[in-house]
Amino acid sequence: MVKPLKPHFLPYPILVSSRRFRRLLTFSSKPDLQNQGFLNLVHRVCEILSNPRIPWRGSPELKSLTPKLKPFHVARIIETHNNTDSVLQFFYWVSKWHFYKHDMCCYMSMLNRLVKDQNFAPADHVRILMIKSSKDEREIRKVVDFLNEISSKGLSYSLYSFNSLLIQLGKFNMVVAAQNVYKEMLSSGIKPSLLTLNTMINILCKKGKVLEAEIILAQLYQYEMFPDVFTYTSLILGHCRNRNLDKAFVVFDQMVKKGIDPNAVTYTTLINGLCDDGRVDEALCMIEEMIENGIKPTVYTYTVPITALLEVGHVDEAVSLVASMRERGTLPNVQTYTALISGLAKSNQLEVAIGLYHKMVRDGLVPTTVTYNSLIHELCERGKIDTAFRIFQWMEQHGHLDKTETYNAMINGFCLIGNVERAMILFGEMLKVGPPPNMITYNTLMNGYIRRGYLDNASRLMEVMKENGCKPDQYTYAELISGFCKGDKLDAASALFQEMMQQGLSPNLVNYATLIDGLCKKGKVDDALILLKRMQEVGCHPNIETCNAVLNGLSKENRLSEAEKLCNDLAEKGLLPNVITYTTLIDGLCKNGGLHLAFKIFHEMERRNCLPNLYTYSALINGLCREGRVDDAEILLEEMMTKKLYPDEVTYTSLINGFVSLRRLDHAFSMLHRMISAGCTPNYRTYCVLLKGTQRESQIVAEKIAVQHESVQSHVLDEKEVTVDTFCNLLVRMSEIGCDPSIDTFSILIGGLCHDGRSQEADQLVKFMKEKGLTPNEAIYCSLLNAYCKNLRVDTALDTLNLLNTRGFNLPLSVYAAIISALCKRQRIKEAEVVFNDMLKKPWNGDEIVWTVLIDGLLKGGESQLCLNFLHAMNSKNVPISKQTYLMLAREMSKTDDSISENQVSDRLQVLGDQKPG
């Protein structure tokens, strides 16, 4: 009897009866055994098998009934038919039909029947078929448990069945289980064959366990056998897995000296090992060597070198190798195409990659999940989310969405464009129907929330993550800490840092660096220095980037002597300053009037062969503009461009601001033209600078007129006092210099006005935009809706919402939350309920609705009763909500009413959640 193969992490019930095991191993839907149709079909097949006058194999009726048979029918036929030999032949016969496949229940029924009749020879054959049909690790473990049970009834293992079991365990890389089976085989007195020993050697070598494989090799000699090409190839594989190419080639030389000719697999194993070690050129030479030795490379020989070439960006060489492969009569397979598609996409040849995908399909090759995942990932990385989602939907329609990696790629794509709501909808699907989310899923979603500034939702998702049994890792905490630091919530960031340590996670370099950077940016440099010291005390040595964050903080506070001392300390520890170090010091000096010293450091870094980057030049240009030396700044701009360093919006805005400050508005607009022509998009800060300049110019003209009429002087211009007329003048002037305003231009300007709560002015700008023949996009409408809600212009908000819904716009959840909150503030509860119920018609994630609309919207506005009403509406529509979100809601509701405890609210909510519509 083979020992039960107990899993390391996911235990399953030990068998006590075949009936109980049958329940565990049911993979097809179980019928109602009393169902008349089921019984009639089983009964009729049994009658045909029992008919002595007509051989059942030639029965036209049986052939017509066979397509209707399912594994549960066959299992029942095996159990009820009166002749074991007939039913055994039927068991073999039916399995040969292309539309039918036995499940484990069929094998169990057949084995139980044969063992009961003491018919052990065919039972051994059925047992081997059962072992070979196991699809995964979990299934083979259950199969072994069942076989152990029936072996106690006289069906002992044969050499063939032991070998079959070892081979199957090897397929699933179950090393410990295979070792136990091998020991059981030896203890049972069965002498292993060369196949047995080779299988064990291969299983061990696949995991790099060469020393243990060599023990089996020694046993091979003890049994007076000799290693063959399979044995040597397995040993070569083991050394390659351990990245020990020297030993791999020693084994290769030994086999050649002993007169054993290497085959294509041997060469392919070495070629793969060389590629994994980055020695692609040697791998290509080895392909030529095997051809010279008369061994034809297989498609697998070529695929890894092609992949390796693509990974280092040698696309032309990879394509050339594919052409060479074709010339030698070897056609690419799915893996080859997948490698090419992924490599071409990563090399910015996405259109070629998509064309290759279509060719692959035309050639009759069926793309795998890996192929689709590669396409989705690369399309998302390049912002082609709609195309990626079409592939995702096709996979869903054709039943290919069984891998978490596919969902993760699509979720990442949505998060990259800031559409976390759609990503959360996919997350909800994973929780509902699978595949299950993993650490990467949660971390990607949290990162998406953090980038949008939705820090509370990121924290809430981590609570759900814990509840679902997925423990946050150091990366999870690093992202959250970084987000809270950037969101100016240092107390929350510090609390997360402490929580991480309480969870037994030792902060790593990234965790320390993130919090230190946040403290410095907040101006808490002394706290950052204390943390830097503690970090070193626990043996986590800071890198230059961590120290750069501290230098940045010291420079901003004009603590330049301490910054200099820190630089000297770094040099003593072998941490030489890099371009970020120098740039940090230069930026600090430029902002604190130390421009002369900043240029000294700039020339020093060049002497030390540390080349300045874009940010170095930007800091110096900003410093020059601050001192009114705009012409010098423009000269520096030309210098950086000769070094192929291209200015960004910050650099251009500094120069534009410099010209505006000197009242050289024509030069400022000339720089704007240069900026846009270079493909650099101005931001709201850029336009604000120009708006100030434009309005000041108008003001100067007005002052001159006022002087003539002895009027009073105007005051200093505030940014919010810029009029709509000035906005329109700016846009007209842009057109005059050849930079016609685009939808993006209007989106930036309207978005800025809306952010400042100036919805009336934003409306006028939209009107101006429409007069120019441009139609507002979704981003503009979202900005407007948020501004209307901020100003409690609820009628305008509702009209706009209805218009957008009619046009098929997919507005984010945050917009609905803003409208509902604004309606509640205006005491228009019925309309808020209508908007909420309309919102529920769309496929949002239930948890996110609670977080965004109920908690952040209603509860923070004191609307606890309406919150309960909305929750009831969600339950009545079967919108799934996690247990953890119910607890969050209870916690927040208890804060709004001191007379009610969190547990009381939680119990009430849980009762409400358990209520289903009648």
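The values are calculated or read from the model by the stated rules, or taken from the named source; none is laboratory data. None of the values given here were measured: they were computed from a predicted structure. All Cβ positions, even for glycine, are placed from backbone atoms using ideal geometry, and neighbour counts span all protein chains on display. In case anyone asks, the SASA skips ligands and DNA or RNA and just uses the protein heavy atoms, side chains included. Shrake-Rupley method; radii C 1.70, N 1.55, O 1.52, S 1.80 Å.
Per-structure values
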{"quantity": "Positions within the stretch 466-483 being among the hydrophobic types (A, V, I, L, M, F, W, C) and part of a helix (DSSP H, G or I), in sequence order", "calculated": "Ala478, Leu480, Ile481"}
{"quantity": "Flag for Arg807 being of a type in the set (Lys, Arg) and under 29 Å from Thr723 (Cβ atoms)", "calculated": "no"}
{"quantity": "Some residue of the stretch 527-537 being open to solvent by less than 20 Å² (accessible area, probe 1.4 Å) and assigned to a loop (DSSP other than H, G, I, E, B)", "calculated": "no"}
{"quantity": "Pick from the stretch 319-374, criterion of a type in the set (A, V, I, L, M) and surrounded by fewer than 15 Cβ atoms within 10 Å (Cβ to Cβ), ranking: nearest to His400 (Cα to Cα)", "calculated": "Val366"}
{"quantity": "Residue list for the stretch 374-428, filter: under 25 Å from Ser347 (Cα atoms) and of a type in the set (Asp, Glu)", "calculated": "Glu378, Glu381, Asp386, Glu405"}
{"quantity": "Residues within the stretch 284-307 that are within 22 Å of Thr338 (Cα to Cα) and either part of a loop (DSSP other than H, G, I, E, B) or open to solvent by 10 Å² or more (accessible area, probe 1.4 Å) (or both), tallied", "calculated": "8"}
{"quantity": "Single match in Asp277, Asp281 (criterion: surrounded by fewer than 15 Cβ atoms within 10 Å (Cβ to Cβ) and of a type outside the set (Phe, Trp, Tyr))", "calculated": "Asp281"}
{"quantity": "Check on Glu429, open to solvent by 10 Å² or more (accessible area, probe 1.4 Å), more than 30 Å from Asp517 (Cα to Cα), in a helix (DSSP H, G or I) and modelled with pLDDT of 90 or more", "calculated": "yes"}
{"quantity": "Flag for Ser821 being of a type in the set (S, T, N, Q), free of Cβ contacts under 8 Å to residues at least 24 places away in the same chain and in a helix (DSSP H, G or I)", "calculated": "no"}
{"quantity": "Matching residues, the stretch 511-526, being closer than 12 Å to Ala549 by Cα, part of a helix (DSSP H, G or I) and open to solvent by 70 Å² or more (accessible area, probe 1.4 Å)", "calculated": "Lys521"}
{"quantity": "Helices (runs of 4 or more DSSP H) within the stretch 571-640 that include 2 or more residues crowded, with 17+ Cβ neighbours inside 10 Å, in contact with a helix residue (DSSP H, G or I) (Cβ under 8 Å, 6 or more places away or on another chain) and among the polar types (S, T, N, Q)", "calculated": "579-591, 614-626"}
{"quantity": "Matching residues, the stretch 656-693, being open to solvent by 60 Å² or more (accessible area, probe 1.4 Å), assigned to a loop (DSSP other than H, G, I, E, B) and at negative phi", "calculated": "Leu662, Arg664, Ala678, Thr681"}
{"quantity": "Failed criterion for Gln503 (all others in (1) closer than 22 Å to Cys485 by Cα; (2) touching a residue at least 12 places away in the same chain (Cβ under 8 Å); (3) in contact with a helix residue (DSSP H, G or I) (Cβ under 7 Å, 6 or more places away or on another chain) hold)", "calculated": "(3)"}
{"quantity": "Within the stretch 755-778, tally of residues that are within 33 Å of the chain's Cα centre (by Cα) and in a helix (DSSP H, G or I)", "calculated": "2"}
{"quantity": "Conditions (1) in contact with a helix residue (DSSP H, G or I) (Cβ under 6 Å, 6 or more places away or on another chain); (2) assigned to a helix (DSSP H, G or I); (3) not aliphatic (A, V, I, L, M); number of the one not met by Pro880", "calculated": "(2)"}
{"quantity": "Complete set of residues in the stretch 398-426 that are of a type in the set (Gly, Ala, Ser) and surrounded by 17 or more Cβ atoms within 10 Å (Cβ to Cβ)", "calculated": "Ala409, Gly413, Ala423"}
{"quantity": "Residue identified as modelled with pLDDT under 90, among the hydroxyl-bearing types (Ser, Thr, Tyr) and part of a helix (DSSP H, G or I) among Ser899, Ser906", "calculated": "Ser906"}
{"quantity": "Among (1) among the charged types (D, E, K, R); (2) modelled with pLDDT of 90 or more; (3) within 25 Å of Val525 (Cβ to Cβ) - the single one Arg451 does not satisfy", "calculated": "(3)"}
{"quantity": "Residue tally, condition open to solvent by less than 20 Å² (accessible area, probe 1.4 Å), more than 18 Å from Leu445 (Cβ to Cβ) and within 25 Å of the chain's Cα centre (by Cα), over the stretch 486-504", "calculated": "3"}
{"quantity": "Residues (open to solvent by less than 10 Å² (accessible area, probe 1.4 Å), touching a residue at least 40 places away in the same chain (Cβ under 8 Å) and among the aliphatic types (A, V, I, L, M)) located in the stretch 867-889", "calculated": "Leu871, Met888"}
{"quantity": "Any hit, the stretch 184-202, residues being open to solvent by less than 10 Å² (accessible area, probe 1.4 Å), in contact with a helix residue (DSSP H, G or I) (Cβ under 7 Å, 6 or more places away or on another chain) and more than 14 Å from Phe162 (Cβ to Cβ)", "calculated": "yes"}
{"quantity": "Condition check for Ser494: under 20 Å from Met439 (Cα atoms) and free of Cβ contacts under 8 Å to residues at least 40 places away in the same chain", "calculated": "no"}
{"quantity": "Some residue of the stretch 408-417 being more than 17 Å from Pro880 (Cβ to Cβ) and outside any helix (DSSP H, G or I)", "calculated": "yes"}
{"quantity": "Given (1) at pLDDT below 95; (2) among the hydroxyl-bearing types (Ser, Thr, Tyr); (3) surrounded by 14 or more Cβ atoms within 10 Å (Cβ to Cβ), number of the condition Thr806 does not satisfy", "calculated": "(3)"}
{"quantity": "Close pairs (7 angstrom Cβ cut-off, 6 or more residues apart or separate chains): touching a residue at least 24 places away in the same chain (Cβ under 8 Å) in the stretch 566-595, among the hydrophobic types (A, V, I, L, M, F, W, C) and outside any helix (DSSP H, G or I) anywhere", "calculated": "Asn578/Cys610; Val579/Cys610; Val579/Leu611; Tyr582/Cys610"}
{"quantity": "Elements of type helices (runs of 4 or more DSSP H) in the stretch 328-390, at least 3 residues being more than 22 Å from the chain's Cα centre (by Cα)", "calculated": "334-346, 350-362"}
